[in-house]
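Here the structure is laid out as structure tokens; the discussion comes afterwards.
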Amino acid sequence: MKRVYNFSAGPAVLPEEVLKEAADEMLDYNGTGMSVMEMSHRSQSFQEIIDTAEADIRELMNIPDNYKVLFLQGGASQQFAMIPMNLMKNRVADYIITGQWAKKAAAEAEKYGKVNRIASSADKTFSYIPDCSDLPVSEDADYVYICENNTIYGTKYKTLPNTKGKTLIADVSSCFLSEPVDVSKYGVIYGGVQKNIGPAGVVIVIIREDLITEDVLPGTPTMLTYKTQADAKSLYNTPPAYGIYICGKVFKWLKKQGGLAAMKERNEKKAKILYDYLDQSKLFKGTVVKEDRSLMNVPFVTGDEELDAKFVKEAKAAGLENLKGHRTVGGMRASIYNAMPIEGVEALVAFMKKFEEENL
Ligand SMILES: Cc1ncc(COP(=O)(O)O)c(C=O)c1O
């Protein structure tokens, strides 16, 4: 068996320990004589899996009691619609545009009401996070929306925007569980799990209870109403059961690593190895302003498209996979999520050094 260092932006690397455990339990989960894939979502075994997963993410993120944790389907993109359908009571919302995912979320919300784009970093190809300390937050806005870590461009909010009392909604798909967060600062935190937590097919929504109401926009489907999902404890219909089971294993793994403070320390250490190298390299250049650099997604370029392509090809041959940048920006991108071991980043930097010597 050969495992590569997988720098994919998502679906992405998962802890090997988790994959091995899941493999061991594939045919017989905990004496049930069946796989979790084959199990009724109404069974006691599955109930224990989802209850334990919820308890563990609550502990990891220190989620206050007045927030619900929902395990839903439809990916992060479905939340682009669910959020306005459920929360746009005045049909007005403010969006901060820091990349494609925020742009898409804003465009979707526009189907339901007025969207004010109160800040943007489009002027410099989303290579920074705008100053959000004193934004023109709309008086009648139902919420202020951000994409907290921009997977494609490699930027991350280091301080949350001043929403002037409005509810903050954050897409944390690509920084979920990478560091401690103060959940009480948000109305909704949500993310697709396929980057930092588990297999594609699950989206986790952490939502303050007062935002869960029956007062949703007319025509909102039953399935897409937070209240339906919250009342049924994520079991209104058949949930993505196997995905939730893997998420639960990753939560246990994170607890074993020392929790989110330990992950932050480890992620900072990993990212520093790569950024320090980029900062002194004569061939490669990071594309993001230093203050706003993501710990999870690190884009870089040589400035020469052909050389970029050569790098990606040779890296792959050396067991360093999925380093091609997003199709809209080109260059390279190394996604170094929680489960990427430090050895993976060291191997990448060693390869980059060698490539630099050979190609400069
Ligand atoms: C920050 C962010 N939001 C949303 C999405 C869309 O996620 P999904 O494919 O689960 O809809 C992605 C996917 O890469 C992402 O990186």
Review point. Rounded, prolate or oblate: which fits the stretch 122-262 when a ≥ b ≥ c are the square roots of the eigenvalues of the alpha-carbon gyration tensor, with rounded for a/c under 1.5 and prolate only if a/b beats b/c?
Key: oblate
**Study point:** Fully extended contour minus Cα-Cα distance, from ARG91 to THR328, at 0.36 nm per residue
**Key:** 82.2 nm
Review point. So what is the accessible area of the chain per residue, in Å², with the probe set to 1.4 Å?
Key: 44
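Suppose R0 equals 25 Å. What FRET efficiency, 1/(1 + (r/R0)^6) with r the Cβ-Cβ distance, do ASP28 and THR52 give to the nearest 0.05? Provide the component values of the computation, followed by the final result.
Values: r = 19 Å, r/R0 = 0.74.
For R0 = 25 Å, the calculated efficiency reads 0.85.
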Exercise for review: Return the carbon/sulfur percentage of the accessible area of the chain, one whole number, probe 1.4 Å, all protein chains in place.
Suggested key: 50
Check your understanding: Say we join alpha carbon atoms closer than 10 Å with springs in a Gaussian network model of the chain; which of ALA53, ALA141, ALA318 then has the biggest fluctuation?
Key -> ALA318
Check your understanding: So which residue, out of VAL13, VAL144, VAL183, gets the largest mean-square fluctuation from a GNM of the chain using Cα contacts under 10 Å as springs?
Key -> VAL183
Check your understanding: Under 17 Å from the Cα of LYS233, which aspartates and glutamates turn up, not counting those fewer than eight places away in the same chain?
Key -> GLU48, ASP51, GLU54, ASP56, ASP65, GLU209, ASP210, GLU214
Study note, to complete from the structure: the chain, Gaussian network, Cα under 10 Å: of ASN322, ASN149, ASN66, the residue fluctuating most is ASN66
Check your understanding: So what's the net charge close to TYR157: Lys and Arg +1, Asp and Glu -1, counting the other residues with Cβ under 10 Å from its Cβ?
Key -> 0
Exercise for review: Note down the nm distance, to one decimal, between modelled labels 7 Å out along Cα→Cβ at LYS124 and at LYS20.
Suggested key: 4.5
Check your understanding: Using a 1.4 angstrom probe and counting only protein chains, how large is the accessible area of ASP24 in Å², to 10?
Key -> 130
Practice item. Find how many whole Å separate the alpha carbon centroid of the stretch 185-250 from the alpha carbon centroid of the stretch 6-44. Key: 20
Practice item. Pull out the extension gain between LYS114 and VAL183, defined as 0.36 nm times the separation in residues minus the alpha carbon to alpha carbon distance; nm, one decimal. Key: 22.2 nm
Study note, to complete from the structure: For the stretch 16-256, percent of DSSP beta bridges that are antiparallel (nearest 5) comes out at 45
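Of all trypsin sites (Lys or Arg not before Pro) in the stretch 276-360, which ones are in loop regions per DSSP and have a Cβ with at most 11 other Cβ atoms within 10 Å?
Of the trypsin sites (Lys or Arg not before Pro), the ones in loops of the stretch 276-360 whose Cβ has at most 11 other Cβ atoms within 10 Å are LYS282, ARG327.
Around LYS89, what is the net charge, scoring Lys/Arg as +1 and Asp/Glu as -1 over all other residues with Cβ under 15 Å from its Cβ?
Net charge in that neighbourhood comes out at -2.
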Review point. Modelled label-to-label distance, TYR236 and LYS2, 7 Å Cα→beta-carbon offset: nm?
Key: 4.7
Review point. So which GluC sites (Glu not before Pro) in the stretch 55-139 end up in coil per DSSP with only 15 or fewer other C-beta atoms within 10 Å?
Key: GLU110, GLU139
Exercise for review: Using only the Cα atoms of the stretch 16-256, build the gyration tensor, take square roots of its eigenvalues as a ≥ b ≥ c, and label the shape rounded, prolate or oblate: rounded if a/c is under 1.5, else prolate if a/b is larger than b/c, else oblate.
Suggested key: prolate
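The values are calculated or read from the model by the stated rules, or taken from the named source; none is laboratory data. On a predicted model such as this, the values are computed, not experimentally measured, just so you know. Ideal geometry is used to build each Cβ from the backbone, glycine not excepted, and the neighbour counts take in all protein chains shown. Note: areas computed on protein heavy atoms with side chains; ligands, DNA, RNA excluded. Shrake-Rupley method; radii C 1.70, N 1.55, O 1.52, S 1.80 Å.
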